[in-house]
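Below you'll find the structure, written out as structure tokens, and then a few comments.
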Amino acid sequence: MCRKLIPKYSFDPSKRMIGIMMTRNENDILKETLNNITPIYDRIFVLDGTEPEEEFSLARRILEQFEEVKVILRDADTSGPFPIRDGARQYLLQKVRETYGVNNWIGVLHGDELYTQDPRPILTNTNPSISPVVQARLCHFFLHKDDQANWDHIRSLPVEARLTHYMWPGTPEDRFFFDDGRVNYDPSRHSLVVPYDRSRTRILLDAFVIKQYNYRTPEQALRRAKQRIATAWQRNHYQHIAEEKAVFVHSLHVPGYEPCGHDNVNKKNRRDWSKVRSTRKFPLPSLNNQKTC
């Protein structure tokens, strides 16, 4: 008996995509992020948890500079639960469906991440009936010890020029999913970036790197650490930043503390952990200048 062939979804790589973004207290990088992703996304829905009020107002002014940003929701204006979880993306997904329907590829965005490549040509060749989730390789950038002596000279540079050290090979993370209208986020659930559970087939775009900038200035790193400790999120990892003022470091792996990112949490052998690299010696691909890493 012949198996029925699964039809391939038609995706036009010349058209820009739909993105759902979660951001919180990232005003210092938010404009750079939007400049980076708007050539790829023309319909961006944002859930913003920025505090206090004046900082949220500044975030809104930045977002409203971009016509690609269609909806801005505030964490406090949702039904929760609070503090907000990854599953709160459901509120954005509902808005997307109300406006643009279903059967769309959705990009999961963060306010502190920059793309190195355009994912659309790759999604063109992905059949969502078989693999509705596509992963990218996420690399964390950070304030390195080598930056400390020159910080006064480089602190005003764009973040990509300011921070050149990252952890390689990073971690595969879900960043694109096909919304057929039948799968939903659970707003109370954390650490599920896409609405599909782990049983669904995923494709890893191994050479597609997203650069994440959790730590961008010493002041921002200290604020972030205190906020995360207050919400009991990765307390052990952020404790050394808040208590020991360990901002400029040689590596994100700190002896005695929880490793940064999901790339190392489940790896029992430290030899498999991500290692420090610099873009000066190991340049990552760029949207403007495609290079291999």
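Nearest 10 degrees is fine. How inclined is helix 27-37 to the longest principal axis of the chain, computing both from alpha carbons? Tilt relative to the chain: about 40 degrees.
Between helix 218-230 and the chain there is an angle of about 70 degrees, using the helix long axis and the longest principal axis of the Cα atoms. Exposure proxy shown here: for 216, 97, 175, the number of other Cβ atoms within 10 Å sets the order, fewest to most, as 97, 216, 175. Close amide H pairs (under 5 Å, H built 1.01 Å from N) link residue 286 with 291, residues at least 5 positions away or on another chain.
Compared with the dominant Cα axis of the chain, that is its longest principal axis, helix 235-244 is turned about 30°.
Cut-off 13 Å, label point 7 angstrom out along Cα-to-Cβ of residue 95: give me the residues of segment 18-43 whose amide nitrogen falls inside. Only 19-23, 43 pass the distance filter.
This model, with +1 at the C-beta of Lys and Arg and -1 at the C-beta of Asp and Glu, gives segment 1-91 a dipole about its Cα centre of some 920 debye. Among 243, 113, 160, the order by Cβ neighbours within 10 angstrom, fewest to most, reads 243, 160, 113.
Students often get this wrong: which residues of segment 190-214 have the backbone nitrogen under 17 Å from the point 7 angstrom along Cα-to-C-beta of residue 154? Answer for segment 190-214: 212-214.
Taken together, the values in this text are just the output of simple stated rules run on the coordinates, not laboratory data. Everything numeric here is computed off the predicted structure, so don't read it as measured data. Ideal geometry is used to build each Cβ from the backbone, glycine not excepted, and the neighbour counts take in all protein chains shown.
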